[in-house]
Amino acid sequence: MNRRQFLKSTLFTAIGAVVLSACKKVTAETKKIVGKVYTKKFKNLDISAIGFGLMRLPQKLGGPDVEAVQKMVDYAMEHGINYFDTAWFYHGGKSELTAGKVLKKYPRNSFYLADKLPLSRLGGKDTVIPTFNEQLKKCQVDYFDFYLAHNINKSEWETVKNYDVYEQLLQKKKEGKIKYLGFSIHDTPELLEEVISTYKWDFVQLPINLIDWEKTDSSGWYGVNAKKQYEIATKAGLPVVVMNPLKGGQLSTLNNAAVELLKKENPDASPSSWSLRYVASLENVFCVLSGMTEMEHMVDNVNTFINFKPLTEKEQKVLSNAIAVYKSSGAITCTYCQYCVGCPIGIDIPKNFNIYNQYKADNKKENFIAAYESIKAENRADKCISCGVCKPKCPQKLDIPTLLKDVAALYKKLS
């Protein structure tokens with residue numbers, strides 16, 4: 001991706017477009033992929049091991065580009081991808097609407113649709129079912145195959161209990177409006193254990209990738225201790241859907257030194273394919289969600305899962321070494337989820353972090369300066385007053401004010 005494209009892109013486009021920038025691009029036009037993607041069992045269902053996460057869709061006129069998304073969905077369905085994941089908050093409420101538009105051409109029994117109850121916007125017990133019904137309407141379906149309590153953390157766990165969320169959703173399951181009931185979580189293993197032991201769930205959605213596999217390491221990176229969370233879910237007999245397998249696109253680009261290690265082992269494999277194969281190789285994972293922004297991402301992912309092979313022991317060592325090299329670059333572990341959006345000062349936190357990480361990947365001084373200066377002055381990192389409003393919103397537990405100061409300091413140093 002050249003810098004002109006980067007500067008013209010919206011945040012989501014920038015995030016998505018980096019996915020294949022570090023590798024040779026493959027498009028549907030240049031290489032026709034034939035076959036169906038690898039599937040895994042969930043109960044008695046055959047679920048595509050790769051799912052389409054509708055969180056980072058291509059943009060047009062301030063919202064998802066429905067025509068472009070339709071082409072991606074058509075390609076996905078043609079090649080056997082049958083799991084689609086949306087949520088109330090994705091794309092400012094427009095992801096669910098887009099899901100309804102692009103999936104309605106297909107028979108309802110030909111795909112599995114996952115949606116999530118937006119816990120943080122509930123106003124009481126009496127708001128749970130109206131919200132659920134509105135989501136059904138937006139998605140133009142009569143039921144959800146998979147439905148989740150969205151993003152449980154310490155605060156939202158109290159919401160689940162105080163608003164009788166589980167009990168109300170269980171009733172919808174009995175009515176056939178929900179086929180399988182689960183939850184997603186970005187928090188500690190201890191809270192995960194409590195949530196699992198309190199209610200009877202059908203599945204759980206966890207953030208799993210090599211960066212987050214361990215809690216911490218010698219480089220000091222924060223991680224959600226995905227290994228322990230995966231083990232907790234597995235011990236409880238709870239099947240896992242993986243989110244953030246590419247850490248918001250970071251594992252798709254890495255940096256030059258890390259990419260060279262991967263390419264030396266397999267010149268034809270994209271960085272994305274390595275990390276997707278890693279999480280899909282976990283026995284208790286039945287689907288890996290990938291937020292795809294361009295057709296190139298879809299084609300590459302389809303190709304990976306049509307020809308799916310678990311990582312060998314040698315490949316796991318190569319990938320671990322590449323991740324260690326990337327961590328040493330000092331990139332910020334932001335997944336660009338946008339939960340921090342709404343800074344009272346107006347700082348565009350994800351965009352500032354994105355250009356910082358781009359610099360850590362390519363070390364191109366002039367590109368970083370141009371990108372930083374393309375941000376409106378009032379939205380730049382140097383305007384941070386360390387109010388801390390953003391910190392509790394971050395699923396990655398990042399010290400956002402401190403990291404914004406790092407971005408501002410880098411600009412000052414390079415300019």
If you go through the stretch 362-394, how many residues are surrounded by fewer than 22 Cβ atoms within 10 Å (Cβ to Cβ) and either touching a strand residue (DSSP E or B) at 6+ places or on another chain (Cβ under 7 Å) or of a type in the set (A, V, I, L, M) (or both)? 6
Looking only at the stretch 317-340, which residues are within 16 Å of ALA381 (Cβ to Cβ) and surrounded by 17 or more Cβ atoms within 10 Å (Cβ to Cβ)? ALA331, ILE332, CYS334, TYR336, CYS340
Here the qualifying pairs (Cβ atoms under 6 Å; residues six or more apart or on different chains; first in the stretch 283-303 and at positive phi; second surrounded by 24 or more Cβ atoms within 10 Å (Cβ to Cβ)) come out as none
When the stretch 53-77 is examined, which residues are found to be within 24 Å of VAL285 (Cβ to Cβ) and out of contact with any strand residue (DSSP E or B) (no Cβ under 8 Å at 6 or more places or on another chain)? TYR75, MET77
Quick check on LYS327: is it in contact with a helix residue (DSSP H, G or I) (Cβ under 8 Å, 6 or more places away or on another chain) and basic (Lys, Arg)? no
Number of positions in the stretch 142-165 that are surrounded by fewer than 20 Cβ atoms within 10 Å (Cβ to Cβ) and either under 23 Å from TYR83 (Cβ atoms) or not assigned by TED's automatic domain parsing to the domain that holds HIS186 (or both): 2
Being surrounded by fewer than 20 Cβ atoms within 10 Å (Cβ to Cβ) and either out of contact with any strand residue (DSSP E or B) (no Cβ under 9 Å at 6 or more places or on another chain) or under 20 Å from THR86 (Cβ atoms) (or both) is the filter here; which residues of the stretch 173-191 pass it? LYS173, LYS174, GLU175, GLY176, LYS177, LYS179, TYR180, THR188, PRO189, GLU190
Please work out which one of (1) in a helix (DSSP H, G or I); (2) in contact with a Cys (Cβ under 9 Å, 6 or more places away or on another chain); (3) among the β-branched types (Val, Ile, Thr) is the condition VAL389 fails and give its number. (1)
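If you take just the helices (runs of 4 or more DSSP H) that sit entirely in the stretch 1-112, which of them hold at least 1 residues that are among the charged types (D, E, K, R), touching a helix residue (DSSP H, G or I) at 6+ places or on another chain (Cβ under 6 Å) and at pLDDT 95 or above? Show your work before the answer.
Values: elements: 3-8, 11-17, 66-78, 94-103.
By residue number, 94-103.
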Taking GLN358 as meeting all but one of (1) surrounded by 20 or more Cβ atoms within 10 Å (Cβ to Cβ); (2) in a helix (DSSP H, G or I); (3) modelled with pLDDT of 90 or more; (4) polar (S, T, N, Q), write down the number of the exception. (3)
Please find, within the stretch 42-88, the residue that is surrounded by the most Cβ atoms within 10 Å (Cβ to Cβ) out of those that are among the aromatic types (Phe, Trp, Tyr) and in contact (Cβ under 8 Å) with a residue 40 or more places away in the chain. PHE52
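The values are calculated or read from the model by the stated rules, or taken from the named source; none is laboratory data. Not measured: the values here are computed from a predicted model. Note that we place each Cβ from the backbone using ideal geometry, even for glycine, and neighbour counts take in every protein chain shown.
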